[in-house]
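Notes follow once the structure below has been shown.
The values are calculated or read from the model by the stated rules, or taken from the named source; none is laboratory data. These numbers were taken from a predicted model, which means no experiment stands behind them. Methodologically, a virtual Cβ is constructed for each residue, glycine included, from the backbone with ideal geometry; neighbour enumeration extends over all protein chains shown.
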Amino acid sequence: MRRAVPRVPDVLAIPFTRAPSCARSWLALCGKYRLEISVLTPTNPTKATTQAHPNIALIKYWGKRDTALFLPQTPSLSMTLSGLSAKTTVEFSTAFKADRVELDGQSVQGRELERFTMLLDRVRGLAGISERARIASRNDFPKAAGLASSAAGGAALTSATALAAGLDLSAHELSRLARQFSGSACRSIEGGFCEWQKGVRSDGEDSFAVQIAPSTHWPELRMVVTICSEAKKAMSSRLAMQHSVDTSPFFEGWVRQVDLDLELARSALLARDLDALGPIVETNACRMHAVAMGAHPPTIYLKPVTLEVIEAVHGFRRDGIQAWFTLDAGPNPVVLCLDTDAACVAQALSAVPGVLRTVTASPGEGATLLDEHLF
Ligand code: 2P0
């Protein structure tokens, strides 16, 4: 059984552990909290498990204005994908001597562990607790498949951590927290189509993702993820985007252009007009890669097979099929099309030499609370 992660308006989002005990019982009775959450106190540890899905940007996030707070230089727009998911269980306990994290059964150490500890510390600060945590996370899709696994994992982690700590945060508050784990994770807290507002404040309080349309807005839309390589990329998107900010002469042009790209994409999306959305999605992805390729030394994510897939997508259009590609920081194109063409597109792309397989996804839901824990 699944439930949406509880949401309340920001004004009501008080840390549960700080609520008076009568209020806690009342809230628990109202069913706003699951049993584990309802008995949480700073000395009474609790556990929560959530699931979240990857998102693919229609208008890309590429470049930060603040690397510590994960504040982007430009806004971005994404679709959350159905089907594929990351599940995360978080437990706080006085019995734990240190924070412990396992991703797909592998223990996380060093700098990677510090990223988790930073998020845990933020949440512990908000909840007024000091217990260490145990975290386990599992993806049902390969990490290196170009499916933005850090977005799904980051959104599941943030929502589970907040719930396990007894916080009842609004979607926007969760998005703000998720952003500081991995920028794109802020767009997977809610489902459907989300716009990450870049914000203007230096503290980042106005930089979070807002759902502009739910998954039901355009259920016929499909993304065919075309996996050409599962190898770990030579340069992470985090390093590559900073390298573009620092050295690409095209970066300024990118920043000037994105607002316009996003406006076009938003109107086309809200009008469910694929003939208008497809071209701007494809152009925006190429603009992002042009910025990366203009860096010194250049960052090149495209492989020969990537170009073969792009050729095939252009061929679809010559044959009257509405299909446009987008490309993240990797060699695996994602093809935007309608449900009526998705099977044919997927079949044709699977036949391109070098393509390993395809995964077709429709608009999906945001982070949800699960009953079954991973440990
Ligand atoms: C996006 N990407 O909008 C863009 C397009 C990659 C290409 O968001 O440093 O892993 O953790 O904020 O979120 C990938 O960047 O980077 C990404 P950090 P993240 O989906």
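Inside segment 329-366, residues that are surrounded by fewer than 23 Cβ atoms within 10 Å (Cβ to Cβ) and not in a strand (DSSP E or B) make up a count of 20.
Identification of strands (runs of 3 or more DSSP E) wholly contained in segment 49-88 with 1 or more residues that are crowded, with 22+ Cβ neighbours inside 10 Å and within 10 Å of the ligand (Cβ to nearest atom) yields 55-59, 76-80. Taken over segment 173-187, the criterion of being more than 8 Å from the ligand (Cβ to nearest atom) and in a helix (DSSP H, G or I) is satisfied by Glu173, Leu174, Ser175, Arg176, Leu177, Ala178, Cys186. Any residue at all in segment 163-170 that's of a type outside the set (S, T, N, Q), surrounded by fewer than 20 Cβ atoms within 10 Å (Cβ to Cβ) and more than 15 Å from the ligand (Cβ to nearest atom)? No, the conditions are met nowhere in segment 163-170.
Pairing residues of segment 221-241 that are farther than 17 Å from Glu112 by Cα and not assigned by TED's automatic domain parsing to the domain that holds Thr67 with residues that are of a type in the set (D, E, K, R) and near the ligand (Cβ under 10 Å from one of its atoms), at Cβ distances under 8 Å and at least 6 apart in sequence or on separate chains, gives Met241/Lys64. Would you mind stating whether Gly320 is farther than 20 Å from Ser362 by Cβ, free of Cβ contacts under 8 Å to residues at least 24 places away in the same chain and in a helix (DSSP H, G or I)? Answer is no for this residue. In segment 273-301, how many are under 22 Å from the mean Cα position of the chain (by Cα) and outside any helix (DSSP H, G or I)? The total comes to 1. Checking the stated criteria, Val210 turns out to be more than 27 Å from Glu91 (Cβ to Cβ), in a strand (DSSP E or B), without any contact (Cβ under 8 Å) to a residue 40 or more places away in the chain and not basic (Lys, Arg). Of Leu302, Leu327, Leu262, all but one fail to be within 16 Å of the ligand (Cβ to nearest atom) and within 30 Å of Ser170 (Cβ to Cβ); the exception is Leu262.
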